[in-house]
């Protein structure tokens, strides 16, 4: 079947891609050979709007059947870092070649450290078709970029992880003071070595809350005795796939090693299960994020798909 490629053109494409990702996730047996819909939401509303990590109109390409059905999508998550989302019913070597042509021609970036044009394409470690193709085209696997999807079957008992004495595990409130405290906890968790004067405020969270799948009752926090937010885990539940994924998860440095991240993840799992979730997932860990490994290995019952970035410099130099 001849597929037709085009760029992202209109708002309807956003909704079509969300449904496409749902369908592909289910066709792949609830394994992440493609993104879950929540990640696409998060990229648009946080990555693009808050962090400047790309643009829908320039960084998304669609392949369609003659009848207009989506068969594949290529997109960035940060310029130069490319993900290929493919419906397994239409996957061929020729399609993979064409998608890589587009990635190398239209989705490359400039390395911050090297100053060189590059493209990094992600591939599942057990995907022989794509990994062999990437190697043949001059891409090099970067083991330090490996990410492991971890999965918990929610038919299993959810670990009982009460918060430490004096801490409250609850959902976010709908007020600006709460948003400010949550944003400060996020800054401290993900920028522990940055000076405080680089903190840019909390208004970015309003964009995250615009994402279609965001639910405040699944945005779980650990409140310290002082009233400060100490840890957080945002759960994104997709009732179409009955899967729940966590992004982000973090604990401010001064509150670490108290079991707070486990407690907020467990509460998010319980709430999602009550809504009908069958599985819970989290990305990261692996060689790209070793500090998260013990937490995710404890809370998620098995490893799912592992994926690694394959780097190619586009200036013709090794």
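Can you give the angle from 0 to 90° between the axis of helix 93-106 and the longest principal axis of the chain, with both taken from C-alpha atoms, to the nearest 10? The angle comes out near 70 degrees.
Only alpha carbons enter this Debye calculation for the chain, each as an equal point scatterer, and the log10 of I(q)/I(0) it gives at q = 0.12, 0.13, 0.15 Å⁻¹ is -0.85, -1.00, -1.30. Distance between the pseudo-spin-label points of residue 180 and residue 6 (7 Å out from Cα toward the beta carbon): 4.7 nm.
Taking packing as the residue-averaged number of other Cβ atoms within 10 angstrom, the listed peptides 76-87, 300-311 run from highest to lowest as 76-87, 300-311.
Fully extending the segment from residue 239 to residue 203 would add 10.1 nm, taking 0.36 nm per residue of separation and subtracting the current Cα-Cα distance.
Cβ crowding within 10 Å, taken as a proxy for footprinting-reagent exposure, orders 158, 229 from fewest neighbours to most as 158, 229.
Here each label is just a point 7 Å from Cα along the line to Cβ, and for residue 216 and residue 168 those points are 1.5 nm apart.
Grab the Cα-Cα distance for residue 51 and residue 69, subtract it from 0.36 nm times how many residues apart they are, and report the gain in nm with one decimal. Display every interim value, and only then the final one.
Values: separation 18, 0.36 × 18 = 6.48 nm, distance 3.12 nm.
Value of the extension gain: 3.4 nm.
When the helices of the chain are scored as -39500 (n - 2.57) per DSSP H run of n ≥ 4 and the total is divided over every residue, the value at 222 nm lands at -8500 deg cm²/dmol. Mean sequence separation of contacting Cα pairs (under 8 Å, at least six apart), scaled by the length of the chain, corresponds to a relative contact order of 23 percent.
When peptides 17-25, 204-212 are ranked by their average number of other Cβ atoms within 10 Å per residue, the highest-first order is 17-25, 204-212.
Ranked for footprinting exposure by Cβ neighbours inside 10 Å, fewest first, 118, 40 give 118, 40. Each label point was placed 7 Å from the Cα along the Cα-to-Cβ direction; for residue 190 and residue 314 their separation is 2.5 nm.
Taking the fewest neighbouring Cβ atoms within 10 Å as the starting point, the ordered list for 12, 127 is 12, 127. Between the Cα long axis of helix 260-275 and the first principal axis of the chain there is an angle of about 70°, rounded to the nearest 10.
Taking one quarter of the surface of the C-alpha convex hull of the stretch 156-277 gives a mean projected area of 7.9 nm².
Where a number appears in this text, it was derived from the coordinates with a stated rule and is not lab data. Quick caveat, the model's predicted, so the values are computed rather than measured. Counting neighbours? That spans all protein chains shown, and the Cβs are built from the backbone with ideal geometry, glycine included.
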